[in-house]
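This report refers to the structure that appears directly beneath it.
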Amino acid sequence: MNYYIIIPTYNEEKFIALTLQSLVEQTVLPSKVVVVNDNSTDKTAEIVSAFAKEYPFISMVNKNSDAIHFPGSKVIQAFQKGLESLDENYDFIVKADADLIFPSNYFETVIQHFKSDSRIGMAGGFCYIEKNGNWILENLTDKDHIRGALKAYRKETFKEIGGLKPAMGWDTVDELLCKFYNWNIKTDESLHVKHLKPTG
């Protein structure tokens, strides 16, 4: 299965290299990774450009955010900008944050889930945060909910739900729409993703 990853990014010089490194070490590589540089003022663009030179499947697009202030809009607008730069030769598409470290088998496992059941419309693992030297399950994580930080959508599902909506709670709305159209949501507790800069 071909998969594309879109990473909205703003001033992530501390983490973006770790995220991209974890992607280039996947046992099944993404066909395309698009980093959307949303007006970063640090070295994010330089770091991404260096990866793009070494790995042809990585690219960067630049965006200047519109001055819309409701939560969720900025990141989804950036995601849309990345989506516009892609073709449709993918089986599933991923919205990922720029501060994650994926285990090397992450997307191979996601592929297995999508292949195992044609009605799985979304899939993802769980975010872990570091506390006192230990990686613990992020408190925002619900066992039946995939964090907005790492959502994978089957193409047919993504199209049917109308993509991602730039509003607060977009990552709940997408799951409600998914269920409305009778798609299943698969969470995999075995996939531990390190969330380096957690919110909340």
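Mind listing just one residue for me: the one in the range 81-104 that is within 11 Å of the chain's Cα centre (by Cα) and not in a strand (DSSP E or B) and, of those, surrounded by the most Cβ atoms within 10 Å (Cβ to Cβ)? So the residue we want is A98.
Against the condition polar (S, T, N, Q), within 20 Å of L150 (Cβ to Cβ), open to solvent by less than 60 Å² (accessible area, probe 1.4 Å) and modelled with pLDDT under 95, how does Q77 come out, does it pass?
Considered against the rule, which asks whether it is polar (S, T, N, Q), within 20 Å of L150 (Cβ to Cβ), open to solvent by less than 60 Å² (accessible area, probe 1.4 Å) and modelled with pLDDT under 95, Q77 comes out as yes.
Mind listing just one residue for me: the one in the range 22-45 that is over 18 Å from N2 (Cβ atoms) and touching a residue at least 60 places away in the same chain (Cβ under 8 Å) and, of those, most open to solvent (accessible area, probe 1.4 Å)? Per the criteria, the residue is E25. Residues in the range 121-157 that are open to solvent by 10 Å² or more (accessible area, probe 1.4 Å) and in a strand (DSSP E or B): Y128, I129, E130, K131, N134, W135, I136, L137, R154.
Note on the range 105-120: residues that are in a loop (DSSP other than H, G, I, E, B) and surrounded by 14 or more Cβ atoms within 10 Å (Cβ to Cβ) amount to 1. Taking the criterion of being farther than 18 Å from D87 by Cβ and either in contact with a Phe, Trp or Tyr (Cβ under 7 Å, 6 or more places away or on another chain) or in contact (Cβ under 8 Å) with a residue 60 or more places away in the chain (or both), no residue of the range 46-64 qualifies.
The values are calculated or read from the model by the stated rules, or taken from the named source; none is laboratory data. Fair warning: this is a prediction, and the values are worked out from it, not measured in the lab. When we count neighbours, we look across all protein chains shown, and the Cβ atoms used for this are built from the backbone with ideal geometry, even at glycine. All accessible areas refer to the heavy atoms of the entire protein, side chains included, with ligands and DNA or RNA removed. Shrake-Rupley method; radii C 1.70, N 1.55, O 1.52, S 1.80 Å.
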